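Presented below is the structure to which this report refers.
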Amino acid sequence: MGRVLCIANQKGGVGKTTTAVNLAVTMAKAGAQILLVDLDPQCNATTGLGQEPTKSHPLVDSAPVRQGVCKTGTTRLDLLPGTRSFRDVETLTRDDQQQADRVREHLARGFTAYDFVLIDCPPSLGQLTKTALASSTEVLMPIQCEYFAMEGLAQMIEVIRQVIEQKTRWLEFGGIVLTMYDHTLELTREVDQEVREFFGEIVYQTVIPRDVAVAEAPSHGKSVIDYAPRARGARAYTELCMEVLQRD
Ligand SMILES: Nc1ncnc2c1ncn2[C@@H]1O[C@H](COP(=O)(O)OP(=O)(O)O)[C@@H](O)[C@H]1O
Ligand SMILES: [Mg+2]
């Protein structure tokens, strides 16, 4: 099995989905076989790639993951779409260890055909995020350059630590990426310094600038790389992709 990246941060709006979609597309363009798993009931990764959420989720019905996977507009990039079905979301988020283990094993069986799997997590520390962490080999945490950037991260780190301590798992704290970066703002520079002092070299050198093209791309069902290849955000995600690939 290849690397499984869990894109997680319990805060909403920090750039998880944007990072998941754009990294998935850049990695596929770089030649890797990629599966993007949309685990957020909001299904933003699914619609952001111009796909439809599923009515019934393969993870709930115990159908093989490959049956639920669809092709995307990008060669080598497959998507396991999210679901908004109330029944499915309720089942997947239930705080039930057996159910969580079943979903995790089920996911893992579907991962073997890919070089990289990226999991877009919901903005919570609930069961879905825990299951995603337990299914992954590394956590990739986007941090938005804003005043409360580090707030609440202690809980997130504690949950990650608990998964890492279960010796049967392969999870590592893979990396941190600073998003919505505006180098003209004093605040951005302060957050950058604070995050790098706290987390050290797991913080990626590449930062993702605040760029309107990045925000517009999903409404066209595209990654920023396809929507505006020359935009700063597109270049940044391509650079981040190279850094992620090099860290192997
Ligand atoms: N680099 C960026 N520049 C401008 N807007 C961005 C950038 N990254 C994300 N956004 C926008 O910010 C919002 C939240 O991003 P999103 O990836 O959905 O966060 P999350 O998945 O963590 O909730 C979205 O509207 C998205 O388009
Ligand atoms: Mg999201």
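Across region 181-193, the qualifying residues are those that are open to solvent by 50 Å² or more (accessible area, probe 1.4 Å) and in a helix (DSSP H, G or I), and the one among them that is farthest from VAL4 (Cα to Cα) is GLU186.
The residues on offer are LEU187, LEU178, and the sole one that is within 27 Å of GLU239 (Cβ to Cβ), within 14 Å of ligand 1 (Cβ to nearest atom) and not aromatic (Phe, Trp, Tyr) is LEU178.
Scanning region 51-63 for any residue that is open to solvent by 50 Å² or more (accessible area, probe 1.4 Å), out of contact with any strand residue (DSSP E or B) (no Cβ under 9 Å at 6 or more places or on another chain) and at pLDDT below 85 turns up at least one such residue.
Condition check for ARG196 on (1) touching a residue at least 40 places away in the same chain (Cβ under 8 Å); (2) open to solvent by 10 Å² or more (accessible area, probe 1.4 Å); (3) in a helix (DSSP H, G or I): one failure, at (1). Set side by side, the residues GLY48, GLY15 differ, and just one is within 16 Å of ligand 1 (Cβ to nearest atom), on the phi > 0 side of the Ramachandran plot and in contact (Cβ under 8 Å) with a residue 60 or more places away in the chain, which is GLY15. Being within 16 Å of ligand 2 (Cβ to nearest atom) and surrounded by 13 or more Cβ atoms within 10 Å (Cβ to Cβ) is a description that does not apply to VAL207.
For region 79-99, a residue qualifies if it is over 22 Å from GLU216 (Cα atoms) and within 19 Å of the chain's Cα centre (by Cα), and the qualifying residues are LEU80, THR83, ARG84, VAL89, LEU92, THR93. Give the residues of region 199-225 that are within 15 Å of ligand 1 (Cβ to nearest atom), part of a helix (DSSP H, G or I) and of a type in the set (D, E, K, R), sorted by residue number. GLU216 - this is the single residue of region 199-225 that is within 15 Å of ligand 1 (Cβ to nearest atom), part of a helix (DSSP H, G or I) and of a type in the set (D, E, K, R).
If you check LEU178, LEU133, LEU125 for being at pLDDT below 95 and either in a helix (DSSP H, G or I) or open to solvent by less than 30 Å² (accessible area, probe 1.4 Å) (or both), only one passes: LEU133. Of all the residues in region 82-122, those that are within 16 Å of ligand 1 (Cβ to nearest atom), open to solvent by 10 Å² or more (accessible area, probe 1.4 Å) and among the aliphatic types (A, V, I, L, M) number 0.
The values are calculated or read from the model by the stated rules, or taken from the named source; none is laboratory data. Just so you know, these numbers come straight off a predicted model, no measurement behind them. Note that each Cβ is placed from the backbone with ideal geometry, even for glycine, and that neighbours are counted across all protein chains shown. Only protein heavy atoms, including side chains, enter the accessible area calculation; ligands, DNA and RNA are left aside. Shrake-Rupley method; radii C 1.70, N 1.55, O 1.52, S 1.80 Å.
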